[in-house]
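Reading through the structure tokens given below for one structure.
No lab work stands behind these numbers, since they all come straight from the coordinates. Here the structure is a predicted model, which means the values were calculated and not measured. Counting neighbours? That spans all protein chains shown, and the Cβs are built from the backbone with ideal geometry, glycine included.
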């Protein structure tokens, strides 16, 4: 397998799991061999950063412990919610640890969301170094579903991410222009880096 093909397949696996390999037409047997190779040859690895503080929560409510707590507990049974349109929720995120000072090859925002109408298109919200970026999600379903947005490079610099740049980033979402109830169960960032 050439280097570029290997890097492409490894990134697809890190972001989308084994189903991403299947979607590229790779057989289950071949996918297992590829994953084993990634494990054995010291390829890229990931660090998960979860929200650790509240910044903007106006017109949102928490179902249990609190805003950032309910979207960082790895459970869909707790969540935050709002019925207001075009409403932002902005949270601070934990700093890098394992990936600090390493070569970072990708940052992916992930969220588990549902919407009572099952048809709205909210945005991911990302504040990097004081500059705000928003990325539309696909139409949200009526059941809790995972949505992602992947960034190989920093949107602020157009070059590879650095751990210093990721530290201090704010993460969140903005609801769509609709009055449905949007529920956000989990929100996190996956940092892919070379160990």
Along the Cα-to-C-beta direction of residue 150, a point sits 7 Å from the Cα; which residues of the stretch 180-195 have their amide N less than 14 Å from that point? 190-193
Rounded to the nearest 0.05, what FRET efficiency do residue 74 and residue 135 give with R0 = 22 Å and r taken as the Cβ-Cβ distance? Could you check? 0.45
Report the extension gain between residue 63 and residue 159 in nm, rounded to one decimal, defined as 0.36 nm multiplied by the number of residues separating them, less their alpha carbon distance. 30.7 nm
